[in-house]
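A short worksheet on the structure shown next.
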Amino acid sequence: MDLCLNLSLRKASRVMTQIYDDYLSVVGLRVGQFSILRATHFTQPTTNSALQEVLVLDQTTLTRNLKPLIRDGYIQVRPSDEDKRVKELSLSETGEALYQKALPLWQEAQSKIKDQLGESCVENLLAVSSAIVDIR
């Protein structure tokens, strides 16, 4: 019987997500929200399309995940200085503070996973993940 590669990867992804979510719950974030804050932190100002590319998300999924972050004042949306039709996203002061508060929790989750998997497995995981993303 052939094992389903997709099912195997999705199960592993759910476990990883649960670990990160458990750590980040202290500050009221889920790992998907943290990933958006982190990507915005490093690329700001940014746009929806740039975030889609970095996070490998479709427009609908990104919009759905951005809405609460914008509503709660963590991400600001402004027209671009260069093209008023383009909306630029950046972290607000509150968003930057939340990101900085969440970062050590994310790092703890990272360390836990790395320690349990071991260096070789982590390297393999990163290599396989990159190869899969490159398929698209």
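Computed from the coordinates by the stated procedures, all read-outs in this text should not be read as laboratory data. Note that the structure is a prediction, hence the values are computed from the model and not measured. Cβ placement follows ideal geometry from the backbone for every residue including glycine, while neighbour counts extend to all protein chains displayed.
Conditions tested, residue by residue: (1) surrounded by fewer than 13 Cβ atoms within 10 Å (Cβ to Cβ); (2) within 21 Å of LEU105 (Cβ to Cβ).
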position	(1), (2)
LYS11	yes, no
ASP21	no, yes
VAL27	no, yes
VAL31	no, yes
ILE36	no, yes
THR46	no, no
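The helices (runs of 4 or more DSSP H) falling completely within region 16-125 that include 2 or more residues that are over 27 Å from ARG136 (Cβ atoms) and within 13 Å of the chain's Cα centre (by Cα) map to 93-117.
Of all residues in region 18-56, those that are more than 22 Å from GLU93 (Cα to Cα) and among the polar types (S, T, N, Q) total 3. Pairing residues of region 33-48 that are within 12 Å of GLU96 (Cα to Cα) and touching a residue at least 12 places away in the same chain (Cβ under 8 Å) with residues that are part of a helix (DSSP H, G or I) and of a type in the set (Ser, Thr, Tyr), at Cβ distances under 7 Å and at least 6 apart in sequence or on separate chains, gives LEU37/TYR99; ARG38/TYR99; HIS41/TYR99. A Cβ distance below 7 Å, combined with a sequence gap of six or more or placement on separate chains, defines the contacts here; from region 5-31, residues that are touching a residue at least 40 places away in the same chain (Cβ under 8 Å) and closer than 22 Å to LEU103 by Cα reach residues that are part of a helix (DSSP H, G or I) and basic (Lys, Arg) in the pairs ILE19/LYS112; VAL27/LYS101.
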